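Beneath this line is the structure, given in structure tokens, with notes to follow.
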Amino acid sequence: MRIPRHVTPYTAFHSSIGGGFLKKLMGSKNCFFSTYSEEPELKDLMEYLDSLKNHEKSGVPKGAGTDSKDGFDLGRMRRIMDQLGNPISKFKAIHIAGTKGKGSTAAFLSNILRAEGYSVGCYTRERMSVGRSDQPVSAKALSCLFHRIRHVLDKAMQLENGEEHMAALGGSLESIAVAKSGIIKHCRPVSVLVYLVLGGPFLPHIERIIRDKAFSMCSPVVSSSDFGIKSTIKGLSMLNGRPCQSCDIILEVGRDFPMSIELLDVKLCMIGRHQLQNAVTAACTALCLRDQGWRMSDESLRSGLENTCLVGRSQFLTSKDAEALGLSGTTILLDGAHTKESAKALVETIKMTFPEARLALVVAMASDKDHLAFAREFLSGRKLEAIFLTEAEVAGGKTRITSASLLRDHWIQASTELDINVLHDGMSEYRELLEDQSINSTMVSEHRTVLAAEDSLAVSMKFANQILKRRARNQSGILVVTGSLHIISSVLASLHK
């Protein structure tokens, strides 16, 4: 759609995610998950949400992606939107779907648009933001909106009650590709191009499924993995006390609709090759918008990319934060990786940024994740000094928690498969060493990876840090907290109590 340069449209981003996070992110002043005891203004809203089904807390039904009584569709949401006057028809939207990278891509793109002066609404797993600032929506604003539309929600719920992610979408990459391609829109009218921008790279048969769907909808495809796309990481440096990567991004997109840009020495705070790919996908999308008449300067693309940071994505805590956690002098890295692929990306990022550093892990995961594959990626990717398996509530509940002991069993199995010698807390030797609740020099001198289950997150971080510091001595060491965004939220929430 061609937009006159003097018009500043409101633009919304939707990242296809689980709605159960909504309860936790709503009242947060710093994008951290909070409870309504911390945000009293949201008490009514939280209680209302607690009265509804929360599939983030209880788990998504196995038939959610099928044509069955458990199947999900947008019918209920469309009916609620009808009751509210269809507000979604009053703004332009960019819909981002996929299995990984949605939140980062949405953050990059929304900041590019904000740098150009657009008013942007962005809803991702971590936050909701509206306007020309990327700050989260305030608790007061959410509370006022809830009370204003509650009667409509009540009416909609009464009508609905009369009727009543991998696994939810069918369990295979092929079924996920079919489900995700449902966001592709038909060109209406024909003169309006509705671009499909592919991130990737995808497996060839998966990309074919998506391209065939786009072709059937007359939607032009732009791929951020095409031959004309060149992106490189030139080096790493420190910016405002945290690592950043210097990158070159050169885009020459499309044959039928040529678009190009050259951005050299872009400093990305979102580090890792996967984040560079997300930045390229966002930049390709911005070029498509520019091709449709949106004002979009090269300077705004650069500024938007460079000013994007996300909580829980390769996030290094400050020395002040480490001190507040009782871990003074420790380098702490938070990352919400929870799949085999994201674990691999995190390992590669750590190798790139701190190739010589000693590592200790603190891990908590939801019950529906592939714990064994996650463990294999870390154990095969780097020598680990200590691994503490712990627990974190999922969406404020315990239904989807994986017990620390079960996680430990999976990591022991993975270490056995990989022939990695570990000292775990099922061994009498380990128990003898910890009888006085301290990490003594005998354990520190061991070359084996210490592996233990501990229910308390705080205790896990404390012990992992003790082992790390004594083994590292004069070397650098990093304490990595990972496994889910829920354990990240627990760490960050403790900083703001």
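The values are calculated or read from the model by the stated rules, or taken from the named source; none is laboratory data. All values derive from a computational prediction rather than experimental measurement. Note: ideal-geometry Cβ built from the backbone for every residue, glycine included; neighbour counts use all protein chains shown. With ligands, DNA and RNA removed, areas are computed over all heavy atoms of the protein, side chains included. Shrake-Rupley method; radii C 1.70, N 1.55, O 1.52, S 1.80 Å.
Computed quantities for the displayed model
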{"item": "Selection from segment 295-306 of residues that are part of a helix (DSSP H, G or I) and open to solvent by less than 20 Å² (accessible area, probe 1.4 Å)", "result": "300, 301, 304, 305"}
{"item": "Number of positions in segment 97-136 that are open to solvent by less than 20 Å² (accessible area, probe 1.4 Å), of a type in the set (Val, Ile, Thr) and either in a loop (DSSP other than H, G, I, E, B) or touching a strand residue (DSSP E or B) at 6+ places or on another chain (Cβ under 7 Å) (or both)", "result": "3"}
{"item": "Enumeration of residues in segment 351-364 that are buried (at least 22 other Cβ atoms within 10 Å of the Cβ) and either farther than 15 Å from residue 412 by Cβ or among the polar types (S, T, N, Q) (or both)", "result": "359, 360, 362, 364"}
{"item": "Subset of segment 43-90 [at pLDDT 85 or above and part of a loop (DSSP other than H, G, I, E, B)]", "result": "84, 85, 86"}
{"item": "Some residue of segment 369-386 being crowded, with 17+ Cβ neighbours inside 10 Å and closer than 26 Å to residue 496 by Cα", "result": "no"}
{"item": "Meets criteria (among the aliphatic types (A, V, I, L, M), open to solvent by 50 Å² or more (accessible area, probe 1.4 Å), more than 17 Å from residue 222 (Cα to Cα) and not assigned by the TED database to the domain that holds residue 336) for residue 268", "result": "no"}
{"item": "First in segment 453-482 and under 22 Å from residue 315 (Cα atoms) and assigned by the TED database to the domain that holds residue 390, second anywhere and open to solvent by 20 Å² or more (accessible area, probe 1.4 Å) and charged (D, E, K, R), Cβ under 6 Å, 6 or more apart", "result": "460/454; 472/358; 475/358; 477/358"}
{"item": "Evaluation of residue 226 against (1) touching an Asp or Glu at 6+ places or on another chain (Cβ under 9 Å); (2) closer than 24 Å to residue 114 by Cβ (one fails), failing number", "result": "(2)"}
{"item": "Residue list for segment 260-283, filter: more than 20 Å from residue 136 (Cα to Cα) and touching an Asp or Glu at 6+ places or on another chain (Cβ under 9 Å)", "result": "260, 261, 262, 263, 264, 265, 266, 267, 268, 272, 273, 274"}
{"item": "Count of residues meeting criterion [assigned to a helix (DSSP H, G or I), more than 21 Å from residue 200 (Cβ to Cβ) and open to solvent by 50 Å² or more (accessible area, probe 1.4 Å)] in segment 307-345", "result": "4"}
{"item": "Filtered residues of segment 302-351 (kept if closer than 14 Å to residue 485 by Cβ and polar (S, T, N, Q))", "result": "314, 315, 339, 342"}
{"item": "Residue pairs meeting the criteria (Cβ under 6 Å; at least 6 apart or on separate chains; first assigned by the TED database to the domain that holds residue 299, in segment 274-285; second assigned to a helix (DSSP H, G or I) and surrounded by fewer than 24 Cβ atoms within 10 Å (Cβ to Cβ))", "result": "274/345"}
